[in-house]
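**Q** Structure in structure tokens, see below.
The values are calculated or read from the model by the stated rules, or taken from the named source; none is laboratory data. The shown structure was predicted, so the numbers you read here are calculated from the model rather than taken from an experiment. Ideal geometry is used to build each Cβ from the backbone, glycine not excepted, and the neighbour counts take in all protein chains shown. Just so you know, the surface numbers come from the protein's heavy atoms only, side chains and all, with ligands and any DNA or RNA stripped out. Shrake-Rupley method; radii C 1.70, N 1.55, O 1.52, S 1.80 Å.
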Amino acid sequence: MDIKSLYLDELINEMKKIGQPAFRAKQIYEWLHVKLVGSYDEMTNLSKELRNTLKEHYPLTVLEAVDSLVSEKDGTIKYLFRLKDDRVIESVLMKYHHGNSVCISSQVGCRMGCTFCASTIGGRERDLTASEMLDQIYRIQMISGERVSNVVVMGTGEPLDNYDNLVRFIRILSDSAGINISARNITVSTCGIPDKIRQLADEEIPVTLALSLHAPNNEIRKKLMPIARQYELSDVMEAFRYYYERTGRRLTFEYCLTEGINDEEEHARELSRLLRGYNCHVNLIPINPIKERSFLKSDSNKIQKFKNILEKYRINVTIRREMGSDINAACGQLRKSYMDHSSK
Ligand code: SAH
């Protein structure tokens with residue numbers, strides 16, 4: 001029983017079982033999700049006896065920061081957290097003018113196998129629980145003293161491959177009785193699993209959805225992402241349209257530019273045709289080369305040209321600012337190097 005993964009009404013029921021009134025459950029919920037304490041001993045309005053019972057029956061999930069790296073360029077901080085089974089995950093705090101954003105992991109490792117990504121090399125070890133996702137944000141807010149206003153589920157893992165925990169996480173994160181980060185300030189990035197996208201559309205938690213598109217057609221997409229062999233791009237695009245229709249949230253498409261693979265002018269034109277009629281925003285991402293693969297970053301002129309073509313077709317497009325490039329902030333690289341080291 002992971003007490004930090006429970007909704008308030010579930011916590012009330014759980015506390016009832018040990019003879020505690022509803023208001024106690026509310027106090028505990030507030031300690032966990034508003035005051036973000038890391039132990040029962042800090043819950044000073046509970047009796048010592050109750051704290052001992054809780055310790056015994058409901059061990060708290062608290063992530064332990066084992067390493068952090070601070071970017072000298074832009075203040076981005078990358079954290080490496082140890083889970084209770086000694087596995088490690090990483091999360092990133094990015095400071096923007098409009099507020100602080102945390103990028104969290106949704107799984108330990110990933111089984112999607114994207115060819116350019118460091119997070120997937122060792123496969124998926126396990127899913128993260130809702131409380132492990134929440135606690136990445138809670139610990140970062142406590143350690144850094146910075147208020148977190150935006151959350152992006154873009155770290156290691158495929159969030160829609162851990163669907164139930166993801167939905168639980170979002171509901172607790174956006175609960176007005178908790179840390180209260182509104183769904184509008186939460187972005188979930190997916191490699192594109194059509195039935196899960198539709199399911200999420202029906203949950204009535206209107207988060208921003210981002211698709212890791214990375215190609216203007218399925219032929220090229222297959223070379224980069226094994227998931228494209230399972231689902232036709234047209235199915236994924238239909239599911240995204242449905243998401244927009246249900247939630248009214250503008251869609252985001254992420255497109256990693258990779259030298260010689262998807263960065264030609266004809267690709268930009270094909271992409272514009274693919275996105276015609278979508279209320280969307282395209283994020284162009286210069287690929288971050290990883291040492292295990294030979295992909296190269298497209299040069300900045302080419303990226304600019306690509307952007308200009310999309311703009312000509314009246315598509316909203318930005319080139320993603322590279323945050324924390326001096327600390328390897330991208331995609332599983334700190335975790336990977338930590339594990340390479342500790343296994344030697
Ligand atoms: N599984 C989800 C979320 C995690 S990946 C997804 O696929 O969207 C988060 C983003 O980082 C994705 O857009 C992914 O394609 C991108 N990414 C992975 N490796 C990268 C690299 N080496 N350089 C740039 N972006 C990368």
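**Q** Specify which of the listed residues (R171, R111, R147, R87) is assigned by TED's automatic domain parsing to the domain that holds P289, within 14 Å of the ligand (Cβ to nearest atom), on the phi < 0 side of the Ramachandran plot and surrounded by fewer than 17 Cβ atoms within 10 Å (Cβ to Cβ).
**A** Numbers: R171 fails: within 14 Å of the ligand (Cβ to nearest atom); R147 fails: within 14 Å of the ligand (Cβ to nearest atom); R87 fails: within 14 Å of the ligand (Cβ to nearest atom).
When all the criteria are applied, what remains is R111.
**Q** Can you tell me which condition Y138 does not meet? The list is (1) touching a Leu at 6+ places or on another chain (Cβ under 6 Å); (2) within 14 Å of the ligand (Cβ to nearest atom); (3) open to solvent by less than 10 Å² (accessible area, probe 1.4 Å); (4) not in a loop (DSSP other than H, G, I, E, B), and all the others hold.
**A** The one condition Y138 does not meet is (2).
**Q** Would you say I89 is more than 23 Å from the chain's Cα centre (by Cα) and among the hydrophobic types (A, V, I, L, M, F, W, C)?
**A** Details: more than 23 Å from the chain's Cα centre (by Cα): no; among the hydrophobic types (A, V, I, L, M, F, W, C): yes.
So I89 does not fit the description; no.
**Q** Collect the residues in the range 38-81 that are open to solvent by less than 10 Å² (accessible area, probe 1.4 Å), without any contact (Cβ under 8 Å) to a residue 60 or more places away in the chain and more than 15 Å from M15 (Cα to Cα), keeping them in residue-number order.
**A** Passing the criteria: M43, F81.
**Q** Residues being without any contact (Cβ under 8 Å) to a residue 12 or more places away in the chain and within 13 Å of the ligand (Cβ to nearest atom): count how many of those fall in the range 150-168.
**A** Qualifying residue count for the region: 0.
**Q** Moving on. Of everything in the range 305-325, what is open to solvent by 80 Å² or more (accessible area, probe 1.4 Å) and more than 12 Å from the ligand (Cβ to nearest atom)? Give them in sequence order.
**A** Once the filter is applied, which keeps residues that are open to solvent by 80 Å² or more (accessible area, probe 1.4 Å) and more than 12 Å from the ligand (Cβ to nearest atom), the range 305-325 yields K305, E311, K312, Y313, R314, R321.
**Q** For R221, which of the numbered conditions (1) more than 12 Å from the ligand (Cβ to nearest atom); (2) modelled with pLDDT of 95 or more; (3) not β-branched (V, I, T) fails to hold?
**A** Unmet for R221, out of (1) more than 12 Å from the ligand (Cβ to nearest atom); (2) modelled with pLDDT of 95 or more; (3) not β-branched (V, I, T): (1).
**Q** Here is a check on your reading of the model: is I261 away from the ligand (no atom under 13 Å from the Cβ) and over 19 Å from G277 (Cβ atoms)? Quick ask: steps written out before the conclusion?
**A** Working: away from the ligand (no atom under 13 Å from the Cβ): no; over 19 Å from G277 (Cβ atoms): yes.
No; evaluated as a whole, the condition is false for this residue.
**Q** Something else now. Give the range 195-216 a look and list any residue that's in a helix (DSSP H, G or I), within 14 Å of the ligand (Cβ to nearest atom), touching a Phe, Trp or Tyr at 6+ places or on another chain (Cβ under 6 Å) and open to solvent by less than 10 Å² (accessible area, probe 1.4 Å), or say none. It would help to see each step written out before you state the result.
**A** Here is the first cut: in the range 195-216, the residues in a helix (DSSP H, G or I) are 195-201.
Filter once more, so that each one left must be within 14 Å of the ligand (Cβ to nearest atom): 196-197, 200.
Then keep just the ones that are touching a Phe, Trp or Tyr at 6+ places or on another chain (Cβ under 6 Å); that gives 196-197.
Across the range 195-216, the qualifying residue is only I197.
**Q** Is it true that Y242 is assigned by TED's automatic domain parsing to the domain that holds I186, of a type outside the set (A, V, I, L, M) and more than 12 Å from the ligand (Cβ to nearest atom)? Please lay out each step first, then the result.
**A** Values: assigned by TED's automatic domain parsing to the domain that holds I186: yes; of a type outside the set (A, V, I, L, M): yes; more than 12 Å from the ligand (Cβ to nearest atom): yes.
So Y242 fits the description; yes.
**Q** I've got another one for you. A268 versus (1) within 16 Å of the ligand (Cβ to nearest atom); (2) small (G, A, S); (3) surrounded by 14 or more Cβ atoms within 10 Å (Cβ to Cβ): which is the lone unmet condition?
**A** (1)
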